Each structure stands twice: as structure tokens, then as C-alpha cells.
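A short worksheet on the structure shown next.
The values are calculated or read from the model by the stated rules, or taken from the named source; none is laboratory data. What you see is a predicted model, and the numbers here were worked out from it, not measured in a lab. Here Cβ is always computed from backbone atoms with ideal geometry, including for glycine, and neighbour counts include all displayed protein chains. Side chains are part of the model used for accessible areas, which takes the heavy atoms of the whole protein and leaves out ligands, DNA and RNA. Shrake-Rupley method; radii C 1.70, N 1.55, O 1.52, S 1.80 Å.
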Amino acid sequence: MPLNLVVLLLIATTFFVSSRAEDPYKFFTWNVSYGPIYPLGVRQQGILINGQFPGPDIHAVTNDNLIINVFNSLKDPFLISWSGIQQRRNSYEDGVPGTTCPIPPGKNFTYILQVKDQIGSFYYFPSLAFHKAAGGFGGIRILSRPRIPVPFPDPSGDYTVLIGDWYKKNHTSLQAILDKGKKLPFPDGILINGRGPNELSFNVEQGKTYRLRISNVGLQNSLNFRIQGHKMKLVEVEGTHTLQTTYSSLDVHVGQSYSVLITADQAPQDYYIVVSSRFTSKILTATSVLHYSNSNKKVSGPIPGGPTIQIDWSLNQARSIRTNLTASGPRPNPQGSYHYGMIKTTRTIRLASSAGQVDHKQRYGINSVSYKQVDTPLKLADFFKISGVFRPNSISDKPTGGGIYLDTSVLQADFRAFVEIVFENQEIIVQSYHLDGYQFFVVGMDGGQWSSSSRNNYNLRDAVARTTVQVYPKSWTAIYVALDNVGMWNLRSEFWARQYLGQQFYLRVYSDTNSLRDEFPIPKNALLCGRATGRHTRPF
Ligand SMILES: *[C@@H]1O[C@H](CO)[C@@H](O)[C@H](O)[C@H]1NC(C)=O
Ligand SMILES: *[C@@H]1O[C@H](CO)[C@@H](O)[C@H](O)[C@H]1NC(C)=O
Ligand SMILES: *[C@@H]1O[C@H](CO)[C@@H](O)[C@H](O)[C@H]1NC(C)=O
Ligand SMILES: *[C@@H]1O[C@H](CO)[C@@H](O)[C@H](O)[C@H]1NC(C)=O
């Protein structure tokens, strides 16, 4: 056995509370370093994981414990976050600056997380600075346990397809633009699994069916995904098995993940896989190849076009994405056995994006507060009772109409509350929001201003439960979320320059009982930084 595995097994046996012991462990050792990449034909300094760009996929099964030892060989502090992994009772492992100390250059940190009661397609990404513009991301798939029925036959292949806009400028140059108070320029291209035009083929055999797990890991653009001559059957969205509806193209907003099935049922040749930007006046397009093993013809013909500006098209597609109530999710019982529509909401939180200048620099915010980073993770300040790091309820739970200002915004909510959150968008761009620690029900979205009568049109029966949702221009999106996961959870814009410039806050889901049943203790290997430096992680 290699030495690092022995060490990891030792960690495994000393670190875990007994309740997790029966579930399997999977071990990963990752080395994060800079290395040359050439995605748009120019040499760039990419962030590689074990030499790879994009990073390696994580393949897990529901309830697996994932032990991921990340060595930071960059010259900057680094953190990875796990988009859509719920980190039940364990926000310490979330890997965002509000929960976890950065891994210093030359050091390592072992994430100890469990994909408890989850299935589906997600991804990981670097959460500090503007690292996401350089790589360091990869796919996460969580398969169902062997005896839990999956509502479609096992596919003949299962591909991760990471799509996203891309810049020729490196992440430090992009960050410098934002630090100067300027807006991010228009991207230079779109990548599919880190590759440029037609550099990549997905191989299929005639007559067989494949699963594609498509995630938009880009910085800002909504993208449309389609395959020449082929239809796609949507089967899963961020952990929910959907009604299996057929689409000829699919909008994937920034931060979102979708699984589709495609059948190689056309003439044996090569076909274009196309990704293009949505809602932009200049349209960026990228292509890969769907290659039949018995193909007798290279890709040819015009690249199939997709929707460009049409917002109604996108809104209608979003509304057509529903939960299959009779299919199982991570548990054997059907997804529809949780009747979210019959639970009374105890609170309504209305969140509107804000954009404006603070000290002559561009900033973004939510309900007029632009999030200001602090030296100490809020979760550690909470745990060690360090005052002066943040104030609970330093952000209003409804739009204030006031001017934008900086603060370390934390919204407090009660453990076990069942809340309605309305995202309001008065701007002319599509927004995309993500909440860590949860899956939420997307009960409604529409144009105009939200009002209490908007509730009359909510889908209280088969709305999809997911982790990232779009809000169309001059529109609103409403979600229901059961706050059953104690912790400090990042709610952020997935438009990366906007989250960097403050369009985010932390939701402190709080229980005053301090019970180990509700929240795990701080991990014994937790890195300590800022005002938490030198504290002891074992007061229990
Ligand atoms: C990580 O990769 C870098 C670059 O290849 C190498 O110099 C370094 O020794 C590696 N570190 C570890 C811990 O494997
Ligand atoms: C760093 O890696 C070593 C094994 O190489 C491990 O023993 C140690 O716990 C890791 N550090 C952290 C903070 O996880
Ligand atoms: C990014 O590009 C700038 C300008 O070319 C260069 O000075 C800087 O070192 C680069 N940063 C990285 C991380 O490669
Ligand atoms: C819903 O899931 C069931 C499995 O429980 C499956 O038989 C059925 O085809 C699915 N229906 C749709 C419309 O996707």
C-alpha cells in the first residue's frame, strides 16, 4: 500500500464520528499546480489538478465519505468548493471563504465530506480570488446505491461535459480589472471540457444510449447546448430525477447542471455538439464532435443554430422542467412523497440585486449590501465566539431601495424554518443564484414585479428541487427551502465577477441548542486563520 494511503487510512480511523462508519470511504490525493494550457490557441497559465485541466471527475455513490487531501502548489492561498454537495450538518467542509480557511501555498488540507442522501450531477471549483477563470474545476457524479431504482436503463456510457465561457486574459489580469473598479470584458470564447473547436470527440456506438452530464462552469454567460440531428431526453437536474421530456436544445445558465440521455439512432457519421452563448448581441459558439464508432463521414453541413435572444423560449423551457414524482431519488421512496406544497412557509425573504459604485469602484450587492470579505471565516468566528467579525442580520430580508454599501452581510434564519425566497431582478441581464447546503424547490418564475398574488401561480406539486436557479431580466423567481441544515451557507450570484464584487451573503441557519445531533463539531484538522489563529479545535 502506498504511504499516503496508509496515512489517509490512519486519518480516517481517528477522525470520524461513529455514525458515518458504516458508509464506504473514497480517498483522493490532489496536487493543485499551475501549468500551461492552450484552450483558445494561446498559451495560458492554467490551474491543474494532478496535471489535468479540467480536474479529475469524482465518482461517488450516495452516502459515500469522500476524503480529499488537497496539496496547494500554487503561489497563492487556495480553496475548493463543492457546488451542490449539501455538507449535511457540516458547513466547515464547504470550502468557501466564509466557512473554511484558505490552504496556504505549499500546504495541504484534507476535506472530509459525505454525499449524504444525494444523487446526481454536480461540480467542484476554486472559490478564492478569481481562480475559477483559470481552471481547477471538475465534475462530480453521485450514483444511486445498488438497490435503489433509477428511472431509466443503465446507459452504455456516461460523459461529463463541462461548458463555459473563457478569456484569453489570465485570472490575475481579470481580477486586476475588477479590483480597479471596472467591469469584466466580453469573453473570448467557449470551452467544452477545457478544449476549443472540434478538439474533442465523444464516442458512441450505433443504437446505444448515453448519459451526458452538462455543467456550466463558466464565469457569466448562459449557454445553449444541442447536438446536430439528435434529440436529448432530460433525466436529472442537480440531484432530482425529472419528468423525461425531450428537447432539441437546452439552456444551461451559469452554475447549473443537467443530465440528458442521447441515443445514437442516426446515420453512421459524425455530428456537431454545439454550445452557444445566450442573450448576447455577439454570439460565441463552440463545437465538439459526436463520433459514431462506425462513422463513414466527418462532421459536415451548417452548425445547427439555436435560440439567441428569446427569453420567453427559455422561460417556457424552465417551467417545463418538473420532478418525476413516482421516480426514486437517493432513497427508495418516491421523490413525490415529500409534499413541499402542503407545508406552510414561516417566512418570506425577498432578495433584489443591486449594482452601483462605492468609492468610485463598481460593486454589486443584494438588498443594497455588497459583501465585504473578512480575514476570519464566519463559521469559525461563530464556533469560537469571536465577536466583531460579523453581525447577524446585517442584511435586510427585503429590498430597501437605498444606495449600495459594503458590509459582511449575514442573514439569520431559524433551524427547521420553511421559507419562501423571492429573487427579484430589475436589471436587464439574466441572473443565476446558488445556495450552498441545500436543494430548493423552484415554485415559480415570471416577468414583472413579484407580489403576494404571484403565489396563485406557484407550482406546488412537481417543481424541481435543485441548487442553482436563473432569474430572467425584469423578472422574479421564487423558491421554497426547508432550512433543515444548521450552518453558515453562502448564497451567491454565479455571475463570477458579481460574486467577487459583493453579490453574495451568508445564510446563518441557527440553532441555539448547540447539539451534536444538529451540527458536527469543527473538524480536528481544520486550518485556523485570521482571528481564529491559535485556537483549539477540540473543546468537545
Ligand atoms: C505537485 O506538482 C508540482 C508540479 O508538478 C510538483 O513540483 C510538486 O512536487 C507536487 N507536489 C506534491 C505534493 O505532489
Ligand atoms: C496533509 O497531508 C498529510 C498526509 O500527507 C496528512 O497527514 C495531514 O493531515 C494533511 N493536513 C491536513 C490539514 O489535512
Ligand atoms: C497573468 O498575465 C500577466 C500579464 O501578462 C502576468 O504579469 C501575470 O504574471 C500572469 N499571471 C499568472 C498567474 O500567470
Ligand atoms: C417517471 O418515473 C417512472 C419510474 O418510477 C418511470 O417509469 C416513468 O417513465 C417516468 N415518467 C416520466 C414521464 O419520466
Taking +1 at the Cβ of each Lys and Arg and -1 at the Cβ of each Asp and Glu, which of 38, 356, 536 sits farthest along the dipole of the chain towards its positive end, judged by Cα position relative to the Cα centre? 356
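How big is the C-alpha Rg of the chain next to the rule-of-thumb value 2.2 N^0.38 Å, as a ratio? Walk me through the numbers on the way to the answer.
Numbers: Rg = 22.3 Å, N = 540, 2.2 N^0.38 = 24.0 Å.
For the chain, the normalised Cα radius of gyration comes out at 0.93.
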The extension gain from residue 449 to residue 536, computed as 0.36 nm times the residue separation minus the Cα-Cα distance, is 26.4 nm
Wrap a convex hull around the Cα atoms of region 358-496, take a quarter of its surface area, and give that in square nanometres. 9.3 nm²
So how far apart, in nm, are the two label points at residue 397 and residue 177 if each is 7 Å from Cα heading toward Cβ? 3.9 nm
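Of all alpha-carbon pairs in region 157-320, indicate the percentage at a distance above 26 angstrom.
Beyond 26 Å sits 29 percent of the P(r) for region 157-320.
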Using Cα positions and a limit of under 21 Å, work out the lysines in reach of residue 344, with same-chain residues fewer than 8 apart set aside. 398
Anchor residue 372: aspartates and glutamates whose Cα lies under 12 Å away (excluding residues fewer than 8 positions away in-chain): 407
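Trypsin sites (Lys or Arg not before Pro), restricted to region 89-147: which are DSSP loop and have at most 14 other Cβ atoms within 10 Å?
Details: sites: 89, 107, 116, 132, 141, 147; in loops: 89, 107, 116, 147.
Filter output for region 89-147: 107, 147.
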Around residue 287: net Lys/Arg minus Asp/Glu count, Cβ-Cβ under 14 Å: +1
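Ignoring ligands, DNA and RNA, please state the percent of accessible area on the chain from carbon and sulfur, probe 1.4 Å.
Details: 10950 of 21000 Å².
Percent of accessible area from carbon and sulfur atoms in the chain: 52.
Return one whole number: the accessible area per residue of the chain in Å², for a 1.4 Å probe. Could you put the intermediate results ahead of the total?
Values: 21000 Å² over 540 residues.
Result: 39 Å² of accessible area for each residue.
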Hits among lysines - C-alpha to C-alpha of residue 107 under 24 Å, sequence gap 8 or more where chains match: 26, 75, 132, 379, 524
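Quick one: net charge around residue 105, please, counting Lys, Arg +1 and Asp, Glu -1 for every other residue with C-beta under 10 Å from its C-beta.
Details: positive: 75, 107; negative: 76.
Value of the local net charge: +1.
Looking at the chain, what % of its DSSP beta bridges pair antiparallel, to the nearest 5? Mind dumping the intermediate values first?
Working: 100 of 140 bridges.
Given both bridge residues lie in the chain, the antiparallel proportion sits at roughly 70 percent.
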By accessible area with a 1.4 Å probe, ligands and nucleic acids excluded, highest first: order of 489, 450: 450, 489
Farthest towards the positive end of the dipole of the chain, among 131, 308, 408 and with Cβ unit charges of +1 on Lys and Arg and -1 on Asp and Glu, lies the Cα of 408
